[in-house]
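Structure first, then comments.
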Amino acid sequence: MAGQGKKKIGSLEEHRRRTVRVLLAVCVVAVVAIAAVLAVALGSSEEPTQNATVTTAPQPTPVTPSPQVVPVPADAPMPSEAGIAAAIGPAVANPDLGKFSGVVADALTGKVLWSVDPSTPMTPASTTKILTASAALLKLPLDHRVSTTVVAGSVPGQVVLVGGGDPTLTATPKGQSGYYANAAHIDDLVDQIKASGTAVDSIVVDSSLFKGETMAKGWFDADVAAGYITPIESVMIEGGRFDGTKDESPRSETPALDAGKVLAKALGVDESKVSAGIAPAGAKPIATVQSAPLSDRLMQMMDHSDNVLAETIGREVAIASGIEASFAGAVDATGKTLQAAGFGYTGVSLFDSSGLSVDDLIPAEVLDRVMTAAAGDGDPKLRPLLDYLPVAGGTGSLSDRYASGNRTGAGWVRAKTGTLSTASALSGFVVDQNGRVLTFALMSNDRPPEVSRPALDAIAGALRNCGCQ
């Protein structure tokens, strides 16, 4: 339960809650079917006699698989507004959508082809991560990394674990993978500390980089134990998970201190000698490890709708903007970055960077403008956003959708999902039957996701099925 009777559902979900340039951004994957038939014919079903002749059919010519990535045609016709309305009309009329807002646009020209209440602020759930990822792409280099450092403490035998904002630090045995790919390893810190000859008998954990509250407005304490979030601190192991191999593992209520205890155990230091504090000014660095590059972390954040990564990446944007690394600072930095890039931001009201807050509001038109800029002739820095989106029926938080029943959009729809107990959203792009790239933002409120998500999927599937002029 996610507080106040709000039950969150979903799998790998965020935890309930626009020219030929297009060719670089959007590709249609055409997979050639592979068939190999091997026929062996015997002259008789009976066992042959000594002089009998056995006739064998010749081997068929092997079929060579040749999967291809084919760009969408530059001259694909743009569907008409009437054509889009007719194509998605039955799906849009579904009462399971509840309070509904949506936009469909042509990626190449940016023209809005269909909309309903596009400027109405709606609960976005994890489609909020589209804004967070876009701000990060605009503000930070793709190879940006954050560091976790150990420095000398204020007394002999003391070291300080200084959080640099990386929640992906892993303590899994070397050779094994933790939850986050290419994560920094606590054992590398240990090896560097030992190589330095530093004697350690106590550890201080400095998580002062992040300011303010560790839980956002509109979050529920029960979500920590449920595995959807952890208090946002500047150092943690596996996003605060108790089990680093599972997405929705219960999380720690004190992730920074727990990281210090993991380091202590690896160094043979009593866990009781771990405490919170601040590193001495100008303290000598002893060991440092770095996170995976931003490009990797954004992929993980979007594909699996990782709330903790969204919150820490939001703070990276804040720091790069010279703004306090807090919930408010991250939200402020995201808004300022997007507005500076020319995006309208009217109606946006956020309390976090992940969309887990039930108090967040975003109009559908804001999400679709960002998607159109990424898929069309907008800022090329946004192009990677398209690759980060889950594939319908194939990857991430869309892996179990479009997999049965209405499979029209399977493999063609790529979108960021959003799910809370009474809010669902879907924003991304799709290639229609004529090869035209369409972007969309679809938002449903006041309905449980078990009914609203299939209704949203049907609209996106209808866009894929559209051959309208």
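Annotations
- Per the listing ALA460, ALA455, the residue uniquely surrounded by fewer than 24 Cβ atoms within 10 Å (Cβ to Cβ), of a type in the set (Gly, Ala, Ser), at pLDDT 95 or above and outside any strand (DSSP E or B) is ALA455.
- Residues being within 22 Å of ALA462 (Cβ to Cβ) and more than 17 Å from the chain's Cα centre (by Cα) - total across region 370-418: 14
- Inclusion of VAL366 among residues that are part of a helix (DSSP H, G or I) and of a type outside the set (Lys, Arg) is warranted.
- Residue check for PHE220: in contact with a Ser or Thr (Cβ under 6 Å, 6 or more places away or on another chain) and among the aromatic types (Phe, Trp, Tyr): no
- Here is the figure for region 382-403: residues that are in a loop (DSSP other than H, G, I, E, B) and among the β-branched types (Val, Ile, Thr) total 1.
The values are calculated or read from the model by the stated rules, or taken from the named source; none is laboratory data. Keep in mind that this is a model prediction, so the values were computed, not measured. Backbone-built Cβ (ideal geometry, glycine too); neighbour counts: all protein chains shown.
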